[in-house]
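The block underneath contains the structure these notes are about, expressed in structure tokens.
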Amino acid sequence: RNTQKERGRMRPTQEVSQIVGAFRPSWLVFENFIPKEHVNDLDNTQVLLTEFKSDITNYGDGTFNSVVLAVTIQIFYGFNLSESMLLAEIELMEKLKDSGWLTISSEPHYLDVSTNTTKQQTKKNITVEKIVEINELKGE
């Protein structure tokens, strides 16, 4: 587990990446983009993390005291998946909640038609949010 000071230096996608990677080590987790060499890998489950929000919040004493961070998690399920997608998503959302990341959006499954192949992966989008005190970011 990372210390508060280490978490303060981490980008939100890095923190979520560590949680997802520990949750399912066999899933390939990427930040910001999926590398070209993995784009056509439809057999393995891939997770793409992107920052969705980074804003100030909780005003008091003439200033803001917190930041609200959000990350979009796109899960591209591999064809070799041998577990329930729904149960995996619920367990993942619980793990994220345990680390302070609350689910603010969980969209329906859909087929990723952007891959020009004969088969399409099932895709799921989840957005999680966390409010962090400025003092916590400073390591106080």
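The values are calculated or read from the model by the stated rules, or taken from the named source; none is laboratory data. Everything numeric here is computed off the predicted structure, so don't read it as measured data. Please note: Cβ atoms are built from the backbone with ideal geometry, for glycine as well, and neighbour counts cover all protein chains shown. All accessible areas refer to the heavy atoms of the entire protein, side chains included, with ligands and DNA or RNA removed. Shrake-Rupley method; radii C 1.70, N 1.55, O 1.52, S 1.80 Å.
Before moving on, here are some points about what is shown:
- In region 1-49, of all residues being in contact with a Ser or Thr (Cβ under 8 Å, 6 or more places away or on another chain), part of a loop (DSSP other than H, G, I, E, B) and open to solvent by less than 30 Å² (accessible area, probe 1.4 Å), the one that is modelled with the lowest pLDDT corresponds to Leu42.
- Yes/no for Phe64 being at pLDDT 95 or above and not in a helix (DSSP H, G or I): no
- Among (1) at pLDDT 95 or above; (2) touching a Ser or Thr at 6+ places or on another chain (Cβ under 9 Å); (3) closer than 18 Å to Val132 by Cα - the single one Gly100 does not satisfy: (2)
- Residue check, Gly78 free of Cβ contacts under 8 Å to residues at least 60 places away in the same chain, in a loop (DSSP other than H, G, I, E, B) and farther than 24 Å from Asn40 by Cβ: no
- Residues that are surrounded by fewer than 17 Cβ atoms within 10 Å (Cβ to Cβ), closer than 21 Å to Asp112 by Cβ and not aromatic (Phe, Trp, Tyr), drawn from region 67-80: Asn80
- You will find that of Lys119, Lys124, Lys138, Lys97, the residue that is open to solvent by less than 80 Å² (accessible area, probe 1.4 Å) and not polar (S, T, N, Q) is Lys124 and no other.
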